[in-house]
Amino acid sequence: MKNLFCLVLLSSLLALPALAQEENGNGRAAWERSVVTLEITRNQYDYLQPWSKRIKSTIKTGLVIQDHQVVTTADEVFDRTLIRVQRNGRGRWWIGDLSWIDYHANLALVTVSDDSFWAGLQPAVLADPTQSDAELQILRWRQGRLEARRAEFNQFTAVEGRLSFATVLQMELSSEIQGAGLGEPLISKSQVQGLIAVQEGNTCTAIPSGVIHSILEARKDGRYRGLGYFDFVWTPAVNPASLAFLGLKGEPRGALVIDVPFTPGVQPVVKARDVILKVDAFDIDTEGDYQDPDYGRLALENLSTRRKWAGDKVTLQVLRDGEIQDIEYRIPKADYKAQLVPDQVFDQDPEYLIVGGLVFQPLSDAFLQSWGPDWKRRSPFRLYYYNTEHPTPERTGLVLLSQVLPDVYNLGYQDLKFLVVDKVNGRTISRLPELREALKQPVSGFHSIEFVQSDSLRRMVLAADELEPATKRVLALYGITKEFVFAPPSIKESGVATSR
C-alpha cells in the first residue's frame, strides 16, 4: 500500500510541469487569436530632392478589437499605398483598409472587408485604467511564433507624443526585447495595458490602454474631435518671493505663465504673469504638477488630454493682478500647420516650387530630418533655431531657398542654399503659393528676392523676362516633370484623417 501511494504521488508530481505547460500554452493560444501582423507599404520622400520618392515597407503589429477593427500605432502608416494583414504569424495576407488615423494620438484603425479573415479571431480587452502593478509582457509575431518578452514598469509621464507636440500620457518600461516600437501590445494576464510606440535601448514607451480606450470610446460616441493642448508657456513657481510679489497669499503653489504665443484663429484668455492654481478640480503645485487619481503625479499639460478633446472647456483658477479668479479656457486643437516650423507633414507629396533653377520649399522638421537620426544636432543651426520661434500674424510659416539647380540664368547664385525668404517683390512670404503670386508682379522688369538676415546673401535680383524660359530649360535638363507641387487646398491639417 505504501509503495502504491508513493507511485501515485510521483505520477502527480511528474504531471505538474505538463499541466503548467498546457496552461501557458492555452494562455498564449488565446493571444494568438488577438495579435496580427501588418505590412505597410508607403511612399518615402526625399525632402532634399522633393520631386523624387521611393517605396518602403514596414512590418508592424496590430491588435484585434471590437467591431472588426485592428488597432495599431499611426507611426509608419502615413503616406501609405498598401496595407496587408496576416493572422497567426504566417501564411495568407489579406488586403486591409485604413478606417481611421490620428497622428497626434499616434493611433490607427485598420479593417479587412473579407469576412474570412475574422473567423476565429478574438477581440482583446483594453484595461481602463491602465494597471502598472501587474506582470507585463510584450507580444509580437516572429518567424511564425508568438514571442512574449517580459517588461518592467518604470513610471507614467506626461510628455509630447511620438508624432505630436500635444502632451499625452505615456508609460515607460524596461525590457530586453529588441527592435520593438511598432505597435506591439503590452499585456498582463487577460488584458491589454498598452501599445509599444518607441524603443530606445532597453527603454520602451507605450501608449497606455486607458488613453487608447478613452479615445476609441469617444470616437464611437461622436465626441472625439482630436487632441488639444495648452497653448501657454509656464515655469515652476518655486520662488516664494515671486509668488508674494504677484500677490499670492498662503502656501506657495501654482505654475507661472511666462508666454502666450500667437496661435492663428485662437483668442488667448491666459495672460503672461498669470499663476495657474487649479485646472478644473485639480490643484497645481509649484512644480506645475497635479495628483492624478489613476496615474500619480503628472505635469499639468496632461489635463489638456485627460478625457478632454479639442474644443472642450476647462476651468482655470488663476492669480491675476493679485486676485484669484476663474476663467473659462477652450482647448485649442493640435494642428501641425499652426506651428511656424511644422513638426510633421503627412499624407501629401512634399511641396516645392522651381523657378529659374531656384528650388523653394517650406521649412519643416520633415525637411530637417533629412540630416538623419541625429538631425537636431546635424541640421543647419540657423534653420533648426526656428523651432524655438512661434508664428506671428505677419508670418505664419517659412519658405526656404533650399538649393539652386545651375543654369546660365542663375549664374553666380548656384552655390546658395538654406536661405529663408523674407520678401519677394516687396511682399512678405509665408507660403509657396504667395511666392508664386509675387513672381507674377515684377518691379521695373526685375524680380527682387530678399532673405532673412544671415551670414550670406541678403538680396537676389533676376531678370523677369528670362525667368519662364530658364524654368523650362532647367526642368528638361534635370528630368523634373512638375514645376511646382503645393498642398491640396482641402488639407487643412494632418491630425485626424480617414483613408484616402
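The values are calculated or read from the model by the stated rules, or taken from the named source; none is laboratory data. All figures in this text were calculated on a predicted structure; none of them were measured in a lab. Counting neighbours? That spans all protein chains shown, and the Cβs are built from the backbone with ideal geometry, glycine included.
Scanning the stretch 450-466 for residues that are closer than 27 Å to Pro380 by Cβ and either part of a helix (DSSP H, G or I) or polar (S, T, N, Q) (or both) returns Gln453, Ser454, Ser456. When you go through Leu227, Leu186 one by one, which is the residue that is among the hydrophobic types (A, V, I, L, M, F, W, C), at pLDDT 95 or above and touching a Phe, Trp or Tyr at 6+ places or on another chain (Cβ under 8 Å)? Exactly one of Leu227, Leu186 is among the hydrophobic types (A, V, I, L, M, F, W, C), at pLDDT 95 or above and touching a Phe, Trp or Tyr at 6+ places or on another chain (Cβ under 8 Å), namely Leu227.
Screening Val110 against (1) more than 25 Å from Gln137 (Cα to Cα); (2) at pLDDT 95 or above; (3) of a type outside the set (Ser, Thr, Tyr) leaves a single unmet condition, (1). Among the residues of the stretch 149-191, those that are within 21 Å of Glu135 (Cα to Cα), among the small types (Gly, Ala, Ser) and surrounded by 16 or more Cβ atoms within 10 Å (Cβ to Cβ) comprise Ala151, Ser175, Ala180, Gly181, Gly183, Ser188. If you check Leu169 against the conditions, is it in contact (Cβ under 8 Å) with a residue 60 or more places away in the chain and part of a strand (DSSP E or B)? Criteria met by Leu169.
Kindly check whether there is at least one residue in the stretch 353-361 that is under 16 Å from Leu48 (Cα atoms), within 18 Å of the chain's Cα centre (by Cα) and assigned to a loop (DSSP other than H, G, I, E, B). Scanning the stretch 353-361 turns up no residue that is under 16 Å from Leu48 (Cα atoms), within 18 Å of the chain's Cα centre (by Cα) and assigned to a loop (DSSP other than H, G, I, E, B). Scanning the stretch 403-444 for residues that are closer than 22 Å to Ile480 by Cα, among the β-branched types (Val, Ile, Thr), within 35 Å of the chain's Cα centre (by Cα) and outside any strand (DSSP E or B) yields no hits at all.
For the stretch 53-61, the criterion of a residue being surrounded by fewer than 22 Cβ atoms within 10 Å (Cβ to Cβ) and part of a loop (DSSP other than H, G, I, E, B) is satisfied by no position.
Just to be sure before I move on: is Tyr413 modelled with pLDDT under 95 and farther than 30 Å from Glu200 by Cβ in the structure I sent? So Tyr413 fits the description; yes. Of all the listed residues (Val77, Val85, Val110), the sole one being more than 26 Å from Tyr224 (Cα to Cα) and either crowded, with 24+ Cβ neighbours inside 10 Å or aliphatic (A, V, I, L, M) (or both) is Val85.
For every residue, the table says whether it meets (1) assigned by TED's automatic domain parsing to the domain that holds Ile101; (2) out of contact with any Lys or Arg (no Cβ under 8 Å at 6 or more places or on another chain); (3) farther than 30 Å from Ala127 by Cβ.
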| site | (1), (2), (3) |
| --- | --- |
| Gly201 | yes, yes, no |
| Thr205 | yes, no, no |
| Val211 | yes, yes, no |
| Ser214 | yes, no, no |
| Ala241 | no, yes, yes |
| Gly247 | no, yes, yes |
| Gly254 | no, yes, yes |
| Val257 | no, no, yes |
| Val260 | no, no, yes |
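Tally the residues that are of a type outside the set (S, T, N, Q) and in contact with a Pro (Cβ under 8 Å, 6 or more places away or on another chain), restricting the search to the stretch 174-195.
Matching residues across the stretch 174-195 total 3.
Within the stretch 192-233, if we keep just the residues that are among the aliphatic types (A, V, I, L, M), more than 17 Å from the chain's Cα centre (by Cα) and in a helix (DSSP H, G or I), the residue that is surrounded by the most Cβ atoms within 10 Å (Cβ to Cβ) turns out to be Leu216.
Do you know which residues across the stretch 378-390 are over 17 Å from Ser454 (Cβ atoms) and within 20 Å of the chain's Cα centre (by Cα)? It would help to see each step written out before you state the result.
So in the stretch 378-390, the residues over 17 Å from Ser454 (Cβ atoms) come out as 378, 390.
Within the stretch 378-390, His390 is the sole residue that qualifies.
The set of residues from the stretch 366-395 being in contact with a Phe, Trp or Tyr (Cβ under 7 Å, 6 or more places away or on another chain) and part of a helix (DSSP H, G or I) comprises Ala366, Phe367, Leu368, Gln369, Ser370, Lys376, Arg378, Leu383.
Of the residues Trp100, Trp94, only one is at pLDDT 95 or above, aromatic (Phe, Trp, Tyr) and surrounded by fewer than 18 Cβ atoms within 10 Å (Cβ to Cβ); which? Give the derivation first.
Values: Trp100 fails: surrounded by fewer than 18 Cβ atoms within 10 Å (Cβ to Cβ).
Exactly one residue qualifies, and that residue is Trp94.
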